[in-house]
Amino acid sequence: MNNQVALELNKVSKYFGSLAANKDVDLTVYRGEILSILGENGCGKTTLMNMIAGIYYPDHGTISVNGQEVVIRSPKDAFRHGIGMIHQHFKLVDLFTAAENIVLGAKGDKRYNLKDVNRRVEEIANKYGFHVDPKKKIYEMSVSEKQTVEILKVLYRGADILILDEPSAVLTPQETDRLFDILRRMREDGKSILIITHKLHEVMSISDRVAVLRKGEHIATVETASTSPAELTEMMVGKKVELNIDRPEPKNVSDRLEVKGLSLVNTDGIKVLDDITFTARSGEILGIAGIAGSGQKELLESIAGLQHPAQGEIVYHNPKTGTSENLRDKDPVSIRELGVRLSFVPEDRLGMGLVGNMDIIDNMMLRSYRKGHSMFVDRKKPKDLANKIVEELEVATTSTHTPVRRLSGGNVQKVLVGREIASSPTVLMAAYPVRGLDINSSYTIYGLLTKQKESGTAVIFVGEDLDVLVEICDRILVICAGRVTGILDARTTTKEEIGLLMTKTERDTETDPDMKEASR
């Protein structure tokens, strides 16, 4: 890292109505450095980066690039000043090749020669160590390849300042290591890189400095080598936070949910689940690991009655009656009428879990309105539950009457997880329950999942942070392309072993003798 300033923010503020998303933020980014941006949910990290990238325009303050004050009113303005942002949700055209996506929308005075584009893309890829085929269609690519295309897109446009939003969220440990190696090469080439991430071990591994935001304000920027995860967390939250995940030994373990030979074909005729077999037990947390799109979502939706498998069984052992029921082909209402308590925290929070235009209290009522015995709805219990969740999970809202669509993504997740856990389930399925949550809120959710386990609930936890899965789970089921590739003891496995199983091919699965364990 040198002392040449690449980007400087001076007293930058952004308001949404009376709410200050950012207030008088001063920030300096140097040439040839990797700067991590840390902060709790709703602290203004994404808003600040969006102003640098031209998606928002600051209400007050100035932005300077290479010592010159600039005006950035759009992403095109940002590109003109050498700034590019790689978003967590990719913006690619599936039917186009990598090269076609990279050149799409780039400024040019004449038609592009794809041969020249392919050659230029390969030059950039080789320079930094990317592995990509410019002629490959996006729909044929893995998640890491798509991310590579997004990074190459901004490099092709000449970006010297890159902003990455949660870049490792959808990657295996091996893919994350490769990405970080590439980012280090880019740093050596003089690029300035800003990374938004909630994973403190990644912050300590990749960054040169860390900028901490709290409640829209810049608290401090510190040298990574001279700080610690505990110190960074205290700066983010404003108080000491214990960063320990408690994993008590399972007690009174019994089979609660058995999935046998489950297969699912989607509307396009593609088999997205292939002969899935496992058992979830009361009093333990079963983790599910896999790269994005491997079938995690479809598996949980099949168990919850939201999708109808082509074959297989989903056998629920009722702890109250001692009877067993096959849940396959039953809808969610029928499942609940059987007395089965499946609580499902879906991947799509607002699309499936909550109604955005309804306030927090009304979203609490979605679980109980069918129990009413008159035309009048009892709002007292939902109101008490809403207040309890807001207080215990520290949901940032002015009122329980606030529509959930006005909450930040992390606070939406807190409302959803709190409601599901409050229903006292016998099986709790949680898909990415801490996605988008800050470190303090994440550890609160981990504690709630552990409490459910200790109360005898069978917890199925789909996560993307392998370090957390290894720490909190008792067993980990790994799936790749809709197939089970291994079931591991979380106390003895490593994230590298999990990462290898996450990319295991079908042929490997069929010839690996260790796969016999997966059916147990």
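The values are calculated or read from the model by the stated rules, or taken from the named source; none is laboratory data. Keep in mind that what you see is a predicted model, and the values were worked out from it rather than measured. No Cβ is skipped: glycine too gets one built from the backbone with ideal geometry, and neighbour counts run over all protein chains shown.
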All but one of (1) surrounded by fewer than 21 Cβ atoms within 10 Å (Cβ to Cβ); (2) at pLDDT below 90; (3) closer than 19 Å to GLU284 by Cα hold for ARG491; which doesn't? (2)
Looking across the range 274-313 at residues that are β-branched (Val, Ile, Thr) and touching a Ser or Thr at 6+ places or on another chain (Cβ under 7 Å), the single one that is modelled with the lowest pLDDT is ILE291
Of the residues in the range 385-422, those that are part of a helix (DSSP H, G or I) and polar (S, T, N, Q) come to ASN387, ASN411, GLN413
Residues of the range 19-49 being farther than 23 Å from LEU200 by Cβ, touching a residue at least 12 places away in the same chain (Cβ under 8 Å) and not in a loop (DSSP other than H, G, I, E, B), in sequence order, are ALA20, ALA21, LYS23, ASP24, ASP26
In the range 433-472, what count of residues is obtained for those that are in contact with an Asp or Glu (Cβ under 6 Å, 6 or more places away or on another chain) and at positive phi? 0
Which one of the conditions (1) over 27 Å from SER455 (Cα atoms); (2) part of a strand (DSSP E or B); (3) not aromatic (Phe, Trp, Tyr) does GLY293 fail to meet, given that it meets all the rest? (2)
Taking the criterion of being in contact with a His (Cβ under 9 Å, 6 or more places away or on another chain), in a loop (DSSP other than H, G, I, E, B) and either modelled with pLDDT of 95 or more or under 30 Å from PRO309 (Cβ atoms) (or both), would at least one residue in the range 242-250 satisfy it? no
Mind checking which residues of the range 390-418 are in contact (Cβ under 8 Å) with a residue 60 or more places away in the chain and among the charged types (D, E, K, R)? none
Given the criterion farther than 14 Å from PHE130 by Cβ, charged (D, E, K, R), in the same structural domain as THR221 (by TED's automatic domain parsing) and assigned to a helix (DSSP H, G or I), identify the matching residue among ARG187, ARG178. ARG187
As an exercise: evaluate GLY67 against (1) closer than 23 Å to SER36 by Cα; (2) at pLDDT below 90; (3) over 23 Å from the mean Cα position of the chain (by Cα) and give the number of the one condition it does not meet. (2)
Just checking, how many residues over the range 134-157 are at pLDDT 90 or above, assigned to a loop (DSSP other than H, G, I, E, B) and surrounded by 14 or more Cβ atoms within 10 Å (Cβ to Cβ)? 2
Enumeration of residues in the range 285-339 that are surrounded by fewer than 20 Cβ atoms within 10 Å (Cβ to Cβ) and hydrophobic (A, V, I, L, M, F, W, C): ALA292, LEU306, ALA310, VAL315, VAL333, ILE335, LEU338
Given the criteria assigned by TED's automatic domain parsing to the domain that holds ASP77, among the small types (Gly, Ala, Ser), buried (at least 21 other Cβ atoms within 10 Å of the Cβ) and in contact with a Gly (Cβ under 9 Å, 6 or more places away or on another chain), does GLY44 qualify? yes
Near pairs, Cβ below 8 angstrom, 6+ apart or cross-chain, from the range 451-479 (assigned to a helix (DSSP H, G or I)) to any residue that is β-branched (Val, Ile, Thr) and surrounded by fewer than 19 Cβ atoms within 10 Å (Cβ to Cβ): VAL468/ILE245; VAL470/THR494; GLU471/ILE245; ILE472/ILE245; ILE472/THR450
Any residue at all in the range 212-230 that's more than 22 Å from the chain's Cα centre (by Cα), in a loop (DSSP other than H, G, I, E, B) and surrounded by fewer than 15 Cβ atoms within 10 Å (Cβ to Cβ)? yes
